[in-house]
Amino acid sequence: MRIAQVAPLFESIPPKLYGGIERIVYWLTEEMIARGHEVTLFATADSQTTAQLVPICPRGLRLEQELGVDKAGFHYVMLEQVLKRADEFDIAHFHCDYWHLPYLRSINTSAITTMHSRLDYKPLSNIYESHPDFNAISISNAQRKPIPWLNWQANIYHGLPERQFALDDGSGKYLLFLGRICPEKRPDRAIEIAKQAKIPLKIAAKVDPADTQYYAQEIKPLLNNEYIEYIGEINDAEKQEVIGKALALVHPVEFPEPFGIAMIEAMACGTPVVGFRTGSIPEVVDEGITGFVVDNIPDAVKAIDKVASLSRKQVREVFERRFTASRMAEDYLNVYERLMVKEKSSNTHSIEDSIAVS
């Protein structure tokens with residue numbers, strides 16, 4: 001199968017540090033190639049891939065923001081490239097939100113779009129109402145709730161390579177907050193949970209420019225505590241040690257998160273998750289098996305007392321069953337094939353109808 005993977009340009013593929021969408025695109029691309037498919041990746045020039053790379057900009061746009069780079073402009077250049085080459089592909093798989101939707105009307109190739117972001121902003125509903133027929137993939141059932149009427153084709157949970165991380169023992173006896181410091185991720189909750197549980201907390205997270213004020217005013221003052229250690233943004237090579245030695249991942253978000261990759265990274269290491277009941281978390285965490293879903297800080301503290309009773313081996317086994325890149329790729333291939341058959345049938349009927357009319 002000839003597949004185009006169209007990535008957002010904010011990070012390279014794979015990302016050097018933080019970058020959830022780009023990491024999923026990388027894992028999916030490499031898994032498709034391992035299965036013998038021909039993949040063309042539209043991404044940044046510094047991306048590392050075994051696919052045929054179509055470079056659009058020198059490096060991830062997040063690294064260029066101090067230069068005032070026009071992010072929209074580069075994405076439009078990329079979409080023009082996809083449009084020109086569309087006939088070379090059996091399927092075009094888009095990962096860049098709604099930027100490409102007007103272009104889909106000019107593409108004869110089968111196409112799907114994975115919705116990676118939250119969909120509860122009102123302006124998004126207006127955008128998707130004007131393009132209601134594109135083939136959409138959700139990454140959790142919770143993600144669909146704001147716009148259930150979209151042309152959903154499947155729900156496909158994210159997955160990461162089985163060998164990316166290994167089962168570890170949690171011997172560090174600390175809690176971990178992993179990802180990004182911002183109001184909706186609620187690192188302040190993680191800090192309060194650690195203080196009340198009297199267990200050390202490592203914060204492995206980046207601070208985006210948009211969140212520097214929040215970090216300076218709300219979070220930095222809380223770091224002056226014997227239980228709290230801020231270690232900053234970490235790369236994939238550092239994650240095995242940091243995640244694997246953690247007693248539990250604390251995931252106290254308060255927004256409808258479509259899918260938290262940090263949760264399955266933790267599970268891959270056998271590390272249980274204590275997450276708040278919002279968005280995809282109740283779908284991802286198997287209660288009492290891979291962690292606990294809680295409603296408030298006191299319940300989170302109680303859950304921390306119970307994580308040591310969970311089997312880290314079983315946590316890893318659930319990851320292997322539910323959240324591998326292999327399973328993710330198989331799910332996408334099923335959708336690709338179904339859409340291609342459907343489009344071929346539709347085109348055949350259209351030709352037959354034209355002949356009948358003539």
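Taken together, the values in this text are just the output of simple stated rules run on the coordinates, not laboratory data. Here the structure is a predicted model, which means the values were calculated and not measured. When we count neighbours, we look across all protein chains shown, and the Cβ atoms used for this are built from the backbone with ideal geometry, even at glycine.
Could the peptides 246-256, 152-162 be put in order, highest first, of the mean number of other beta-carbon atoms found within 10 Å of their residues? Before the final figure, lay out each step's value.
On the way: 246-256: 23.1, 152-162: 19.2.
Sorting 246-256, 152-162 by mean packing, highest first, produces 246-256, 152-162.
For region 33-50, take each phi angle, set θ = phi - 60°, evaluate the Karplus expression 6.51 cos²θ - 1.76 cosθ + 1.60, and give the result in whole Hz per residue in order, putting x for glycine and proline.
Here the 3J(HN,Hα) series is 5, 4, 8, x, 8, 9, 10, 10, 10, 9, 6, 6, 5, 8, 5, 10, 7, 8 Hz.
Percent of Cα-Cα pairs more than 37 Å apart in the chain, please. Before the final figure, lay out the partial values.
Working: 13746 of 63903 pairs.
Counting pairs separated by more than 37 Å, the tail of P(r) holds 22 percent.
Compute the long axis of helix 71-85 from its Cα atoms, compare it with the longest principal axis of the Cα atoms of the chain, and write down the angle in degrees, 0 to 90, nearest 10.
Long axis of 71-85 versus the principal axis of the chain: about 40 degrees.
Out of residues 5 or more away from G179 or on other chains, whose amide H comes under 5 Å of its own, with H placed 1.01 Å from N in the peptide plane?
Close amide H contacts, sequence-distant or interchain: A204, A205, K206.
So which lysines can K16 reach, going by Cα to Cα under 18 Å and dropping same-chain residues fewer than 8 places off?
Once the sequence-local lysines are set aside, what remains near K16 is K206, K239.
What is the set of long-range amide H partners of L160 at a cut-off below 5 Å, with H atoms built 1.01 Å from backbone N?
Answer set, sorted by chain and number: T324, A325.
Would you mind checking which residues have amide H under 5 Å from I3's amide H? H placed 1.01 Å from N; only 5 or more apart, or other chain.
The answer is E38, V39, T40, D90.
So what is the 222 nm mean residue ellipticity for the chain from helices alone, if each DSSP H run of at least 4 adds -39500 (n - 2.57) and you divide by all residues, rounding to the nearest 500 deg cm²/dmol?
Values: 11 runs with 128 residues, N = 358.
The per-residue figure over the chain is -11000 deg cm²/dmol.
Could you state, as a whole-number percent, how many of the C-alpha pairs of region 153-250 are farther apart than 23 Å?
Values: 1477 of 4753 pairs.
Result for the distance tail: 31 percent.
What are the aspartates and glutamates whose alpha-carbon lies under 13 Å from the alpha-carbon of K313, with same-chain residues fewer than 8 places away excluded?
Output for K313: D168, D169.
Determine ³J(HN,Hα), in whole Hz, for all residues of region 155-164 in sequence, where each value follows from phi through the Karplus function 6.51 cos²θ - 1.76 cosθ + 1.60 and θ = phi - 60°; x replaces Gly and Pro.
So the J values, rounded to whole Hz, are 10, 10, 5, 5, x, 10, x, 4, 8, 4.
When each pair of different Cα atoms in region 174-320 is counted once in the 1/r mean, what is the Kirkwood radius in angstroms, to one decimal?
On the way: mean 1/r = 0.0669 Å⁻¹.
Every distinct Cα pair counted, the radius reaches 14.9 Å.
Which ³J(HN,Hα) values in Hz, rounded to whole numbers, follow from the phi angles of region 117-126 under the Karplus curve 6.51 cos²θ - 1.76 cosθ + 1.60, where θ = phi - 60° and Gly and Pro get x?
10, 5, 10, 8, 7, 4, x, 5, 4, 5
Test of understanding: what is the full-extension gain from E317 to N334, defined as 0.36 nm times their sequence separation minus their Cα-Cα distance?
On the way: separation 17, 0.36 × 17 = 6.12 nm, distance 2.39 nm.
So the extension gain works out to 3.7 nm.
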